[in-house]
Amino acid sequence: MSNWFNTELGYCFTNEACSHITSLIPQGYHGVALQIGMAEQDLLADIDCGERIYVTPRNREFTRLQVCSRWDALPFERRSIDLVVLFHALDFGKDPGGVLREVSEILAPEGHLVIIGLNPFGIWGICRLVKFDKNTIPWSANYFPLTRVQDWINLLGFVTVGGTMYFYRPPINNELILRRLQFMESAGRRWWPVLSGAYIVVAKNRTLNIHTKNLSTVSRVVRRRHRLQTLMRNS
């Protein structure tokens, strides 16, 4: 899986996410920040925090503080983390609901959760349906709709505070072509935001103790869905 993120397309895809992260996370100091996912790129590099921890499913040669753990069984104390970034951990995790429950346990009150996910209704989602092999990365991902992810985190006591849709270029593994298509990012945000390849949603932990055994129960309750708005830093 991680090999795909090191391809020309995967690297460009990750860099585009990194370019949005710092402007989306509310300004302030985060004592302990946690990144969960397969990418080797550092999404926490420009975040103001005291400690940066990176969780991977197996040992890798990182110069950063690394923890080898399952994403749905994190070895951290309750309420001990101030910021969690899930880099496609729901897309590629074996138990997405378990990942979210673990995060809700370890995240401190008023802490922030950042979820980066693949958009099933965008250009990449369409390509996945009509063209690409669903047994290969990234087409084998879960591709959860943004509204479903928001329902899940609302059920766990989070409130959405920001986010954005991003990456409007087609899945072409060629750096030169991807650079030439850079204009599609600004055009896509303006003219066809729903066709993005991925999304970022930022949420805040408002609940101290919520235990949810089955996130599918959200389908049986009435929910209020929050429109995804981009939260920019004040200059």
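The values are calculated or read from the model by the stated rules, or taken from the named source; none is laboratory data. Everything numeric here is computed off the predicted structure, so don't read it as measured data. Here the Cβ positions follow ideal geometry from the backbone for every residue, glycine too, while neighbour counts run over all protein chains shown. We work out accessible area using only protein heavy atoms, side chains counted, and drop any ligands, DNA or RNA first. Shrake-Rupley method; radii C 1.70, N 1.55, O 1.52, S 1.80 Å.
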Inter-part distance where the range 183-203 and the range 78-155 are each reduced to a Cα centre, Å: 17
When ligands, DNA and RNA are left out and all protein chains stay put, how many square angstrom of accessible area per residue does the range 127-176 have with a 1.4 Å probe? 42
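Taking every pair of alpha-carbon atoms in the range 118-174, give the share separated by more than 16 Å as a whole percent. List each step's numbers first, then the result.
Numbers: 816 of 1596 pairs.
Every Cα pair in the range 118-174 considered, those over 16 Å come to 51 percent.
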Give the aspartates and glutamates whose C-alpha is closer than 12 Å to that of Lys204, dropping any in the same chain fewer than 8 places away, or say none. Asp82, Glu110
Measure of exposure for Val103: accessible area at 1.4 Å probe, Å² rounded to 10, is 0
Nearest-0.05 FRET efficiency for Asp46 and Glu8 at R0 = 25 Å, using Cβ-Cβ distance, is 0.65
Taking the convex hull of the Cα atoms, report for the range 1-158 its projected area averaged over all directions, in nm². 9.1
